[in-house]
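First up is the structure itself, then whatever we jot down about it.
The values are calculated or read from the model by the stated rules, or taken from the named source; none is laboratory data. The structure presented is a predicted model; accordingly, all values stated were derived computationally and were not measured. Please note: Cβ atoms are built from the backbone with ideal geometry, for glycine as well, and neighbour counts cover all protein chains shown. Ligands, DNA and RNA are excluded from the accessible area calculation, which covers all protein heavy atoms including side chains. Shrake-Rupley method; radii C 1.70, N 1.55, O 1.52, S 1.80 Å.
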Amino acid sequence: MPDQHTRRTFIGLSLGTGIATIALPACAQRSATSRVFDVRDFGARGDNTSNDAPAFQRAIDAAATAGGGTVRFGPGTFLLRFRPAQDGIGVEAFTMRGGVTLEGVDRARSVLRLADAQRGNGTYARIISTNGALENAILRNFTVDANRTGQGEFRNDGNGGAVVLGWGGRCENVTIERLNVYDANGQGIMLLGALGNPGRKLRVTDCLVERASYIGIQSSQFDGLVIERNTVSDCVDNGIDIYGNDDAGHSIVSTSHNGLIRANTVRACSIGIFLETVADCQTVDNDITACRAAGIRVNRINGQPRNLKITNNRITGGPIGLAIGGDTGGVTISRNIVRGFTAAGIQFSYNVSYVTVTDNQFTPTKPTVPIVVGDPVQLGRNPEEQLTFITIRGNRVPRGHSPTRMFVNHYRREWQLNAGDFRATLP
């Protein structure tokens, strides 16, 4: 059954006991030929005054027409103004093309900056966009200053984003690496697929995303995704968000598969890492700090979360370490360190099934804070919410923690619930 507290505006991995990898073909890094197109040759100034968006578009179009190439821009602040989007929806600064690498010299010196007063009420606005599908493209080594404060009364709008690729189509063999994205209205970085046509061979690595008015890094409808070694902080909504629901057909089968979220740092977002209706994904070796709702959340709308492994993460602060909402097809939570939580180390809400919690370390702020809590959304529903096939064993907690606060269960229906043992061995 779906979680009743869901919101959504728009939207070759082998899983085993070890860490999974996605092998991208060599063409992912060689899609751009030796042809180089310097944006200054197409009229860009980089003086933080002239509108350089048309020059970027001319350079990108020239590279695509030539069969692929690298569009390069050196030091400077390249001011961008919006125009009507080529896909006919909202506005954009410029459109990426397939076979093109967009490359700065480095993140400190190559800056794209959105001009003041570019957003309007309800505008679906993207700085770097696509006209439908995008294949064999790379963005790397530059900064996007999305300039929320310069948008005045629209500075907190969440509609659109700084880098939104694949809207109205899908992304395939697309890499975003070594980008800084500051102050986005909406998403910081977003890679999209479509129902029945998922995005494939997607990578977001070594990026910094700060202060987005919605989500930091998001991908939806994918089959083959790596989000790795990024730092995301101070976003109004989730830090990293992956999504796989069939919103139109309401299928119980997830539409997103084969994702790896590894070695990211997430701070001060609503939820650190949000796994919504996705399958066959690993969330490993991430550092998550001071998130306002939960460090990691698994949620079901219609599509069933299935075969998810949440392992070796470090979650510090916030009310809840990990939250699970809705029936699943198998979630394993193991070898995580969860500390400094004020409400629960793990929270189950709505109907929850097939979850194993094993070999984790939980250190709450006080000995009376529950380690695991079962919180139905509403008692007395018909049918009554329940916990089924839940296994909790071998988890370590501090010495002196209240025995009655190890597992606090407010559900009235349960089946095959094994709360197991908690080892009071931590200092």
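Would you be able to tell me the number of residues in the range 263-274 that are open to solvent by 10 Å² or more (accessible area, probe 1.4 Å) and not in a strand (DSSP E or B)? Break it down into steps so the answer makes sense when it comes.
So in the range 263-274, the residues open to solvent by 10 Å² or more (accessible area, probe 1.4 Å) come out as 263, 265, 267-268, 270-271, 274.
Cutting the leftovers down to not in a strand (DSSP E or B) gives us 263, 268, 270.
Going through the range 263-274 one residue at a time, the tally reaches 3.
Kindly state which strands (runs of 3 or more DSSP E) lie completely within the range 275-340 and contain at least 3 residues that are crowded, with 24+ Cβ neighbours inside 10 Å, aliphatic (A, V, I, L, M) and within 16 Å of the chain's Cα centre (by Cα). Break it down into steps so the answer makes sense when it comes.
On the way: elements: 279-284, 287-289, 294-299, 306-311, 314-316, 320-334.
Output list reads 294-299.
Suppose we filter Val357, Val373, Val369 for residues that are of a type in the set (A, V, I, L, M, F, W, C), in contact with a helix residue (DSSP H, G or I) (Cβ under 8 Å, 6 or more places away or on another chain), outside any helix (DSSP H, G or I) and at pLDDT 95 or above; which single one remains?
Just one listed residue meets the conditions, Val369.
Given the criteria on the phi < 0 side of the Ramachandran plot, surrounded by fewer than 24 Cβ atoms within 10 Å (Cβ to Cβ) and in a loop (DSSP other than H, G, I, E, B), does Ala64 qualify?
Against the criterion (on the phi < 0 side of the Ramachandran plot, surrounded by fewer than 24 Cβ atoms within 10 Å (Cβ to Cβ) and in a loop (DSSP other than H, G, I, E, B)), Ala64 does not qualify.
Residues of the range 376-413 being assigned to a strand (DSSP E or B), open to solvent by 40 Å² or more (accessible area, probe 1.4 Å) and within 29 Å of Asn312 (Cβ to Cβ), which ones?
The answer is Phe389, Arg393, Arg396, Phe407, Asn409.
What number of residues within the range 180-204 are under 15 Å from the mean Cα position of the chain (by Cα) and part of a strand (DSSP E or B)?
Start the filter on the range 180-204 by keeping residues that are under 15 Å from the mean Cα position of the chain (by Cα), which leaves 181, 184, 186-193, 199, 202-204.
Keeping just the survivors that are part of a strand (DSSP E or B) gives 181, 187-192, 199, 202-204.
Count: 11.
Among the residues of the range 146-171, write down those that are open to solvent by 40 Å² or more (accessible area, probe 1.4 Å) and either of a type in the set (Asp, Glu) or part of a loop (DSSP other than H, G, I, E, B) (or both).
Scanning the range 146-171 gives Glu153, Arg155, Asn156, Asn159, Trp167, Gly168.
If I filter the range 341-355 down to residues being β-branched (Val, Ile, Thr) and open to solvent by less than 30 Å² (accessible area, probe 1.4 Å), which single residue comes out as nearest to the chain's Cα centre (by Cα)? Outline the logic, then answer.
Within the range 341-355, the first condition is being β-branched (Val, Ile, Thr), and the residues that meet it are 342, 346, 352, 355.
In the following step, the residues that additionally are open to solvent by less than 30 Å² (accessible area, probe 1.4 Å) were identified as 346, 352, 355.
Values: Ile346: 21, Val352: 23, Val355: 22 Å.
This residue is Ile346.
Name the residues in the range 91-123 that are at pLDDT 95 or above, under 22 Å from Arg155 (Cβ atoms) and in a loop (DSSP other than H, G, I, E, B), would you?
Passing the criteria: Ala115, Asp116, Ala117, Gln118.
What number of residues within the range 71-98 are open to solvent by 10 Å² or more (accessible area, probe 1.4 Å) and more than 20 Å from Ala125 (Cα to Cα)?
Counting residues in the range 71-98 that are open to solvent by 10 Å² or more (accessible area, probe 1.4 Å) and more than 20 Å from Ala125 (Cα to Cα) gives 6.
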